[in-house]
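Structure first, then comments.
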Amino acid sequence: MELQLIQNKICEVRSQKVMLDFDLAQLYEVENRALKQAVKRNINRFPPDFMFVMTEKEVDDMVSQFVIPSKSYLGGALPFAFTEQGVAMLSSILRSQKAIDVNIAIMRVFILIRQYTLSHKDLTTKIKELADKYDKRFEDVDEVINYLLQKDKQEIEQRERRRIGFNVN
């Protein structure tokens, strides 16, 4: 299983990294309806921090961010969002070899994301420390970068704007 494919299916809802039911069903090679039925039959295994049903607003946000192609893609039902623990719990109710293999791959991706986030957090902390230490220098660099970005943006806008005035053809 390609880890990049799985990573692309992980999104953020309610400040949590989750996978949606239809993506999991596709990975497990089962119908989404069957996956949801299995979860509903074992709902006591899925507390709110393992799985939750998305709201209409959350679905609208996902559609506007192109995570979901359209609301009709969902077939009229609100999707289930599974956290890392919820995905792990799915392996206990979906007992096929495919489900086991996919779950192992998904757990590896969640671990990679967690490691990346931790290293990114360290980098952010170091940059903040440097910014505090060399505050004035960073301000100057920031001003120059913003100036250059604005200058390029203005030049592009000037070239692309519609010309007005008398036109001889």
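The values are calculated or read from the model by the stated rules, or taken from the named source; none is laboratory data. From a predicted model like this one, the values you see are computed outputs, not experimental measurements. Ideal geometry is used to build each Cβ from the backbone, glycine not excepted, and the neighbour counts take in all protein chains shown.
Across region 88-117, the qualifying residues are those that are free of Cβ contacts under 8 Å to residues at least 12 places away in the same chain and among the basic types (Lys, Arg), and the one among them that is farthest from Phe50 (Cα to Cα) is Arg95. Taking the condition surrounded by 10 or more Cβ atoms within 10 Å (Cβ to Cβ), at pLDDT 75 or above and part of a helix (DSSP H, G or I), does Arg159 pass? So Arg159 does not fit the description; no. On the stretch given as region 4-57, residues that are among the basic types (Lys, Arg) and over 21 Å from the mean Cα position of the chain (by Cα) total 5. Within region 1-34, the set of residues being assigned to a strand (DSSP E or B) and in contact (Cβ under 8 Å) with a residue 60 or more places away in the chain comprises Ile10, Val13, Gln16, Lys17, Val18, Met19, Leu20. The requirement of being among the aliphatic types (A, V, I, L, M), assigned by TED's automatic domain parsing to the domain that holds Arg41, closer than 19 Å to Leu5 by Cα and part of a helix (DSSP H, G or I) is fulfilled somewhere in region 74-87, by at least one residue. Inspect all residues belonging to region 111-128 and state whether any of them is at pLDDT 80 or above and among the aromatic types (Phe, Trp, Tyr). No, region 111-128 contains no residue that is at pLDDT 80 or above and among the aromatic types (Phe, Trp, Tyr).
For region 39-60, a residue qualifies if it is surrounded by 14 or more Cβ atoms within 10 Å (Cβ to Cβ), in a helix (DSSP H, G or I) and either touching a helix residue (DSSP H, G or I) at 6+ places or on another chain (Cβ under 9 Å) or without any contact (Cβ under 8 Å) to a residue 12 or more places away in the chain (or both), and the qualifying residues are Val39, Arg45, Val59.
If you take the residues in region 61-73 that are assigned to a helix (DSSP H, G or I) and in contact with a Pro (Cβ under 9 Å, 6 or more places away or on another chain), which one is surrounded by the fewest Cβ atoms within 10 Å (Cβ to Cβ)? Only one residue tops the list, namely Val63.
So which residues in region 88-127 are touching a helix residue (DSSP H, G or I) at 6+ places or on another chain (Cβ under 8 Å) and of a type in the set (Val, Ile, Thr), if there are any at all? Answer for region 88-127, where residues must be touching a helix residue (DSSP H, G or I) at 6+ places or on another chain (Cβ under 8 Å) and of a type in the set (Val, Ile, Thr): Ile93, Ile100, Val102, Ile106, Val109, Ile113.
Residue selection: Leu90 satisfies the criterion of being assigned by TED's automatic domain parsing to the domain that holds Glu29 and out of contact with any strand residue (DSSP E or B) (no Cβ under 6 Å at 6 or more places or on another chain).
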